[in-house]
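Presented below is the structure to which this report refers.
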Amino acid sequence: MPDVSEAGLPVADLLDLDRRHVWHPYGPMPGRQEPLVVESAAGVRLRIAGESGAGGELVDGMSSWWSAIHGYNHPVLNEAVRDQLGRMSHVMFGGLTHEPAVGLAKRLVDMSPEGLEHVFLADSGSVSVEVAVKMCLQHWRSLGRPEKRRLLTWRGGYHGDTWQPMSVCDPEGGMHELWSGSLPVQVFADAPPTEYDQAYADHLHDLIGQHAHELAAVIVEPVVQGAGGMRFHSPAYLRVLREACDAHGVLLVFDEIATGFGRTGALFAAEHAGVTPDVMCVGKALTGGYMTMAATLCTARVADGISRGEVPVLAHGPTFMGNPLAAAVACASIDLLLGQDWVTEVKRIEAGLRESLAAASELPGVRDVRVLGAIGVVQLDHEIDMAAATRAAVREGVWLRPFRDLVYTMPPYITGDEDLARIGRAVCAAAREG
Ligand code: PMP
């Protein structure tokens, strides 16, 4: 057994210990797929330890799952963490408050769709969705309507891995199928078509009406359904949801955890439709990918309902709520984003991905190629061989994480044109060989 107290453990030993002791996301124990060992990361590049197979550097085509929008090791974000570290790394948030958390809440309220006023600082995206669901159920309970406790969502969605979020993930062939039977039973509408379809919109409206008596909220990922299938749809459906929810007395929750902070070309995807939800979840890019933090925003109406209830508290308070390090770097990341012409940068990435992924549509087995903002997707007509597809991308010098029938990329906004072309070549290689 290697001595883990030694600095600079040999890569083979590190991988051996990893295999024996460490769970990875959606991983079996012990691990079937050998992970790459990352030594460091800077800009858009991950430095991979030589012995782990790839050698050298990989351009990150994933932004560490949508989050590292400014790239890695950013001097401004590093400084924000260092500066905060000198003051305090963490204090409890019950009965105490501090500038990083208050500053972050103010920034979020200012930049979010008009009307969202109250911010719960959660410690992960899944928890922010749990909190959103609690807010909605409690709102109706306070108004004397406790029977309004189900959720309606689209098939093909993904909202996280804890209990309530799992219940609104795609129920068929989705990642949480194993738990159907144990999870709360929700109401599912078909995934929205890409283009606007009046018949589908009418169906959605009717379904919300039919179930309104038992619905606390409709919860969806606006414009892009991410981990459930990387599908894009017309923003006009968000207006249909808003109208139907208003007409039938149902709250509307947008899960902007993946789409928030500019990824789709708007600061939040809701803006494509000019719609304000009653509750909005953000996470991932909130801290520029530096730390684990997410947030649930709600309107005054939702918050007031909760405070006037028979139990007038939102009973949620994680230990690391409002963590000052995460809040400080989130403030710095938001300032960095808003302080630059991010719209032009995201448009540049969109154009670069359109160009570099065009070749994929000629490949055999490719069903669809789609690009929106800084998101590029190649969909195949078969389940991909994940290991082969990942290897093909790594050979091109790019880190991708293909899954199911999808090879996709959401690069950091600072990715240069040459690296975008490289990502395009890697996506094509993964689609060809996966
Ligand atoms: N909602 C969406 C839309 C997501 O993409 C994710 C993460 N993939 C989550 C919720 C859950 O966030 P977390 O992984 O931070 O718990």
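Could you please report the charge total around Ile349, scoring K, R as +1 and D, E as -1 over all other residues with beta-carbon less than 15 angstrom from its beta-carbon?
On the way: positive: Arg263, Lys347, Arg348, Arg354, Arg370, Arg422; negative: Asp60, Asp341, Glu345, Glu350, Glu355, Asp417, Glu418, Asp419.
Local net charge: -2.
Based only on other Cβ atoms within 10 Å, what is the fewest-to-most ordering of Val119, Val168?
So the residues, fewest neighbours to most, are Val119, Val168.
How much net charge surrounds Leu77 when only the other residues with a Cβ under 11 Å from the Cβ of Leu77 are counted, with Lys and Arg +1 and Asp and Glu -1?
Spelling it out: positives minus negatives among the neighbours equals -2.
Could you give the angle, 0 to 90 degrees to the nearest 10, between helix 386-395's Cα long axis and the longest principal axis of the Cα atoms of the chain?
That works out to roughly 50 degrees.
Taking the dipole about the Cα centre of segment 284-378, with the C-beta of Lys and Arg at +1 and of Asp and Glu at -1, give me whichever of Pro364, Val313, Gly339 is farthest to the positive side.
Of Pro364, Val313, Gly339, it is Val313.
As I understand it, the value is the acute angle between the Cα axis of helix 342-357 and the longest principal axis of the Cα atoms of the chain; what does it come to in degrees, rounded to 10?
Approximately 60 degrees, to the nearest ten.
Run the dipole for the chain about the Cα centre, Lys and Arg Cβ at +1, Asp and Glu Cβ at -1, nothing else charged, and hand back the magnitude in debye, nearest 20.
Once rounded to the nearest 20, the dipole reads 480 debye.
Which residue, Tyr158, His98, Thr390, has the largest displacement toward the positive end of the dipole of the chain when charges sit on each Cβ (Lys, Arg +1; Asp, Glu -1)?
Positive-end residue among those listed: His98.
Please give the peptides 229-235, 413-419 ranked by average Cβ packing (other Cβ atoms within 10 Å per residue), highest first, as a rough proxy for protection.
229-235, 413-419
Please give the peptides 18-29, 397-408, 297-308 ranked by average Cβ packing (other Cβ atoms within 10 Å per residue), highest first, as a rough proxy for protection.
On the way: 18-29: 11.3, 397-408: 22.0, 297-308: 18.3.
The densest-packed peptide leads the list: 397-408, 297-308, 18-29.
What's the FRET efficiency of Glu418 with Trp163 using the Cβ-Cβ distance as r and R₀ = 45 Å, to the nearest 0.05?
Computed FRET efficiency for Glu418 and Trp163 comes out at 0.50.
Sorted by mean Cβ packing within 10 Å, highest first, what order do the peptides 140-153, 123-136 take?
Averaged packing, sorted descending, gives the order 123-136, 140-153.
Excluding Val282 itself, calculate the net charge of residues whose Cβ lies under 14 Å from the Cβ of Val282, where each Lys or Arg counts +1 and each Asp or Glu counts -1. Walk me through the numbers before you get to the answer.
Numbers: positive: Arg107, Arg263, Lys284; negative: Asp110, Asp123, Glu221, Asp255, Glu256, Glu271.
That works out to -3.
Cα axis of helix 75-87 to longest principal axis of the chain: angle in degrees, 0 to 90, nearest 10?
Orientation of helix 75-87: about 70 degrees from the principal axis.
In which sequence would Met321, Met280 go, from the one with the fewest C-beta neighbours within 10 Å to the one with the most?
Lowest count first: Met321, Met280.
All of the numbers you see were taken from the coordinates with simple rules; none came from a lab. Computed from a predicted model, the values in this text were never measured in an experiment. A quick note on method: Cβ atoms are made from the backbone with ideal geometry, for glycine too, and the neighbour counts reach across all protein chains shown.
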